[in-house]
Amino acid sequence: MLQTKQPNPRSYRIVGPQRKVDERDTPHPRVDRGELGERMRMWRKTRAATDPFRRIFGGGGDDGDPNSSLYHIMRDIPEGKVNTKQTPVPDPAHMARNIKEVARFFGADVVGITQLDQAYVYSHRARGCPAMGQKAGDPIHLPHRYAICMGFSSDYYKFLSNNSRISDAEYGLGNIHTIPTTFMLAGYIRAMGYPASAHHYGRCEVNPIPLAVNAGVGELGRHGMLIHEEYGSRLHLSVVTTDLPLAVDEPVDIGAEEVCKYCMKCARTCPSHSIPFGGKEVYNGVEKYVVNVDTCYKYRLASRDQWSTCVICVSSCCYNKPTAWWHTLALWAIKKTPIPLRPLLIVPLLWIDDLFWGQRPWKHMKWLDYDNAPEPVTCNIPGCQAKHKNLQHKRLHDTKPAAGSVAG
Ligand code: B12
Ligand code: SF4
Ligand code: SF4
């Protein structure tokens, strides 16, 4: 059991001892072992399917070609050596500014730095890098002091086509974008003579969300993800852990704590009912909103081979807007309003949000040969005469469907 000692972000509270998570107990390995059912296990094995974007961006499943996937190639590259000539760091604050600039130069959209809290390092690995002599089940030893947390934004409009092969392609590219920048930043730090490890898509020994919240990249939302004030949650996260002396950032207040209390748009639009309408709960020593990850995962079985990754909660979140002055102004106003008075501003803003952006943000889009226009579907409820359309977010009926059997 670990006792944490972090600053105080507003969007979660440490209320008890935290247990390290074994990567083998995380959802992907559980699905691979069949713990979420045979259909889910088979879905993961064959998820590369015929879409070329899926085949090059995704994990690939058994039917992808590893040599065409940067994800597969990069997760097996051994870590480079640390330069024996060390660059002195007389001023960690100056070095932190430089490192953030280097991260942005390499391709990150946002960067923050925090202490590496060991509670967010997996205890054992689910898969090792054979070139580094690692294997599944090895204990993870990551004694670094700092975590440089980076965010990579996705295109607002492509995500609005959710769920479709267009939003899949954008999501997949976002995952891939984390790889070269994180790899180069870790290499850059090792070239200065300090140990550094890259944690990106496909190869990650840490949980990036709490680290990024602590590093002031954003706040934790009701939907369980980090919310950045400009990009919302359409931000892929990666981390470089290191011993390079760095000044750390403070958690930020972007008003998500109050907005999430009143908004609930993600909970309303989640087709698998995985996001809570109620208050926070204590989970592994942390008081926060708790998402049902199993039902979220199983919703992929409802895709009818028309998409692979659900991003409905990311797109629906009212922080998810294109970069524009009115979004910046609304955010500024929330941040400047004293906390007890914020609901007076938030409630009308949420009403405006529903009015202008819709209760369930979605856009018809054509791109390349893809078209996400809804198609009529056959209802699987006996006796139903309604002409349903294939908008995956639309529930066919009010009755709560079992996860994975959502039909329309
Ligand atoms: C497996 C996985 C999934 C699984 C299970 C999700 C889960 N929560 O475990 C499935 C397929 C369902 C999934 C879905 C999604 N995922 Co996902 N997923 C992961 C992955 C690879 C591992 C997560 C993990 O280890 N879980 C096991 C344990 C740790 O889970 P847990 O104890 O319940 O902890 C979760 C939360 O409670 C939180 N958490 C745990 N402890 C603490 C402590 C504190 C203090 C805080 C603040 C938070 C926190 O972090 C965990 C991740 O959500 C991460 C990348 C990574 N290395 O972390 C991406 C990641 C979490 N996913 C991400 C995204 C974007 C998505 C989807 C939108 C897309 C999709 N459909 O795949 C949805 C969103 C679902 C949702 N509302 O949360 C992003 C989130 C980015 C962000 N802005 O926050 C990540 C970080 C990938 C990335 N590198 O950017 N995902
Ligand atoms: S990714 Fe989709 S199914 Fe999962 S929580 Fe978000 S909206 Fe719900
Ligand atoms: S949609 Fe609303 S409730 Fe959900 S995370 Fe975003 S701001 Fe919070």
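Between GLN118 and CYS379, how high is the FRET efficiency from 1/(1 + (r/R0)^6) when r is the Cβ-Cβ distance and R₀ = 41 Å? Nearest 0.05. Spell out each step's value before the answer.
On the way: r = 51 Å, r/R0 = 1.24.
After rounding to 0.05, the efficiency reads 0.20.
Quick check: net charge around ILE179, other residues with Cβ under 11 Å of its Cβ, Lys/Arg +1 and Asp/Glu -1? Don't jump to the answer; show the numbers that get you there.
Numbers: positive: ARG75, ARG203; negative: none.
Spelling it out: positives minus negatives among the neighbours equals +2.
Report the normalised scattering of the stretch 19-160 as log10 I(q)/I(0) at q = 0.11, 0.12, 0.19 Å⁻¹, calculated by the Debye formula with identical scatterers on the alpha carbons.
-0.64, -0.76, -1.44
Could you please report the charge total around ASN207, scoring K, R as +1 and D, E as -1 over all other residues with beta-carbon less than 13 angstrom from its beta-carbon? Kindly include the intermediate steps, with their values, before the conclusion.
On the way: positive: ARG19, LYS20, LYS288; negative: ASP22, GLU23, ASP25, ASP117, GLU205.
Surrounding charge for ASN207 is -2.
Between TRP357 and ASP76, what length in nm is gained on full extension when 0.36 nm per residue of separation is reduced by their alpha carbon distance?
Values: separation 281, 0.36 × 281 = 101.16 nm, distance 4.30 nm.
In short, 96.9 nm is gained.
What is the sum of charges around GLY278, taking Lys and Arg as +1, Asp and Glu as -1, for the other residues whose C-beta is under 14 Å from the C-beta of GLY278? Intermediate values should be presented prior to the final figure.
Details: positive: ARG222, LYS261, ARG268, LYS280, LYS288; negative: GLU281, GLU287.
Net local charge, GLY278 excluded: +3.
Given only helices, namely DSSP H runs of n ≥ 4 each adding -39500 (n - 2.57), what is the per-residue ellipticity at 222 nm of the chain, to the nearest 500 deg cm²/dmol?
Working: 14 runs with 130 residues, N = 408.
The helix contribution divided over the chain gives -9000 deg cm²/dmol.
Rg and Dmax of the chain, using alpha carbons, in Å: what are they?
21.5, 75
Report the gain in length on full extension from ASN83 to VAL21: 0.36 nm times residue separation, minus Cα-Cα distance, nm rounded to one decimal. Write down the numbers at each step before the final one.
Details: separation 62, 0.36 × 62 = 22.32 nm, distance 3.19 nm.
Taking 0.36 nm per residue and subtracting the Cα distance, the gain is 19.1 nm.
Determine the dipole magnitude for the chain: charges of +1 sit on the beta-carbon of Lys and Arg, -1 on that of Asp and Glu, nothing else is charged, the reference point is the Cα centre, and the result goes in debye to the nearest 20. Before the final figure, lay out each step's value.
Details: 51 positive and 40 negative charges, 120 e Å.
For the chain, the charge dipole is close to 580 debye.
What ranking, highest mean first, results for peptides 180-188, 95-103 when packing means the other Cβ atoms within 10 Å averaged over each residue?
180-188, 95-103
Pick out the long, greasy-scoring helices in the chain: whole DSSP H runs spanning 20 Å or more along their own axis by Cα, mean Kyte-Doolittle at least 0.5. Mind showing how you got there, number by number?
On the way: long enough: 92-106 (21 Å, -0.21); 165-191 (40 Å, 0.17); 342-357 (21 Å, 1.16).
Taking the DSSP H segments of the chain (at least 20 Å long, mean hydropathy at least 0.5), we get 342-357.
What percent does the relative contact order of the chain come to when contacts are Cα pairs within less than 8 Å and at least six residues apart?
Details: 800 pairs, mean separation 74.3, N = 408.
Once divided by the residue count of the chain, the mean separation gives 18 percent.
Using a/c under 1.5 as the rounded threshold, could you call the stretch 157-239 rounded, prolate or oblate? The axes a ≥ b ≥ c are square roots of the C-alpha gyration tensor eigenvalues, and prolate needs a/b larger than b/c, oblate otherwise.
Because a/c hits 1.5 or more and a/b fails to exceed b/c, the stretch 157-239 counts as oblate.
Based on other C-beta atoms within 10 Å, arrange LYS363, LYS336 from fewest to most. Present the calculation step by step, with values, prior to reporting the outcome.
On the way: LYS363 16, LYS336 10.
In order of increasing Cβ crowding within 10 Å: LYS336, LYS363.
No value in this document is a laboratory result; all are computed from the given coordinates. The structure presented is a predicted model; accordingly, all values stated were derived computationally and were not measured. Counting neighbours? That spans all protein chains shown, and the Cβs are built from the backbone with ideal geometry, glycine included.
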